[in-house]
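All remarks here apply to the structure that follows.
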Amino acid sequence: GTIDQRLGAHPATQLLFPQLNRRELELFAAVMTDNGEVNHDLGSGHLERGPAGQKWPDILCSFAIQNARHAWSTGETDFDAAAWPRVKRALERHAQWADEGAGVAQLGHRTGLGTSYDSYHYEGTTGYIGTLWIAALQLARKWALQKGDNAFAVQADAWIAAARRKLDADLWNGRFY
């Protein structure tokens, strides 16, 4: 499967087939780009291709959430130790896009960023990207504190605050989002 579709399905995979879940997450990690981008699917649809990354901010969050769930649910300390730096790198890449978007990665032609809702085209701020970014940062903050990475935890707080401001500025109309 694809990393984005695994977001909804991985809890069952992890519960029933934890070794398979771990292996798939490790395969996605093995084909991360140096700058922290995660492939949408293993092999990028072509077995001959190497890491290509996908400029879809939501899959970086999905990758982070799935790795945290596996590490914390299984208690596999070796997986936890290996996964944290990869998750951190993925979220730091997402943060570059979020910083460029004043708190939330901006989708569209101008930025070249898309989403796993690949059959639809979006421009600007979306609630999906913003809230998934906040969720990934909240778990990353917890993970960073567990690892003694206080600087990342502080930075995660700043990114969360920026994302909330951007969501409010772009999507709140005074009564609802």
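The phi torsions of segment 10-24, fed into the Karplus equation with coefficients 6.51, -1.76 and 1.60 and a -60° offset, translate into couplings of 5, x, 5, 4, 5, 5, 8, 9, x, 5, 5, 4, 4, 4, 5 Hz, rounded to whole numbers, with Gly and Pro shown as x. Carbon and sulfur: what percent of segment 11-141's accessible surface (1.4 Å probe)? C and S fraction of accessible area: 53 percent. Dipole check for segment 1-105: with +1 at the C-beta of Lys and Arg, -1 at the C-beta of Asp and Glu, and the Cα centre as origin, the magnitude is about 140 Debye. Among Asp170, Asp99, the order of accessible area from largest down is Asp99, Asp170, computed with a 1.4 Å probe on protein heavy atoms. Ranking Asn67, Leu107, Gln138 by how far each Cα lies toward the positive end of the dipole of the chain (charges on Cβ) leaves Gln138 at the top. What value, in deg cm²/dmol to 500, does the helix sum -39500 (n - 2.57) over DSSP H runs of n ≥ 4 give at 222 nm once divided by the residues of the chain? Rounded to the nearest 500, the figure is -21500 deg cm²/dmol. What residues from segment 88-106 fall in the zone where the backbone N is under 18 Å from a label point 7 Å along the Cα-to-C-beta line of Leu145? What the label zone holds, given the 18 Å backbone N cut-off, is 88.
Close amide H contacts of Thr2 (hydrogens built in the peptide plane, cut-off under 5 Å, sequence separation of 5 or more or a different chain): none are found. Taking a ≥ b ≥ c as the square roots of the eigenvalues of the alpha carbon gyration tensor, the chain is oblate, as a/c is not under 1.5 and a/b does not beat b/c. Protein-only accessible surface at a 1.4 angstrom probe places the residues His109, His40, His121 in the order His109, His121, His40, largest first. The largest accessible area among Thr111, Thr77 belongs to the first residue in Thr77, Thr111, and the rest follow in falling order (1.4 Å probe, all chains). Need one word for segment 15-96: rounded, prolate or oblate. Basis is the Cα gyration tensor (sqrt eigenvalues a ≥ b ≥ c); a/c below 1.5 gives rounded, then a/b vs b/c decides. Note, shape of segment 15-96 comes out oblate. How tilted is helix 57-74 with respect to the longest principal axis of the chain? Cα atoms for both, answer in degrees (0 to 90, nearest 10). For 57-74 against the chain, the angle is about 40 degrees.
Counting only residues at least eight positions apart within a chain, or on another chain, the lysines with an alpha carbon under 21 Å from that of Lys142 are Lys88.
Between Arg110, Arg22, Arg86, the GNM of the chain built on Cα springs shorter than 10 angstrom shows Arg110 fluctuating the most.
Across Ala81, Ala64, Ala52, mean-square fluctuation computed from a Gaussian network of the chain (C-alpha pairs under 10 Å connected) peaks at Ala81. Relative contact order for segment 54-177: 28 percent, from Cα pairs under 8 Å spaced at least 6 residues apart, divided by residue count. Which residue, Trp56, Trp84, Trp133, tops the fluctuation ranking in a GNM of the chain built on C-alpha contacts under 10 Å? The residue with the greatest mean-square fluctuation here is Trp84. Given their separation in residues at 0.36 nm each and the Cα-Cα distance between them, Arg110 and Ala158 gain 14.8 nm when the chain is fully extended. In a fully extended conformation the segment linking Tyr122 and Leu16 would gain 34.6 nm over its present Cα-Cα distance, using 0.36 nm per residue.
The values are calculated or read from the model by the stated rules, or taken from the named source; none is laboratory data. Quantities reported herein were computed from a predicted structural model and do not represent experimental measurements. As a convention, Cβ positions derive from the backbone with ideal geometry for all residues, glycine included, and neighbour counts pool all protein chains shown. Accessible surface areas use protein heavy atoms only, side chains included; no ligands, DNA or RNA. Shrake-Rupley method; radii C 1.70, N 1.55, O 1.52, S 1.80 Å.
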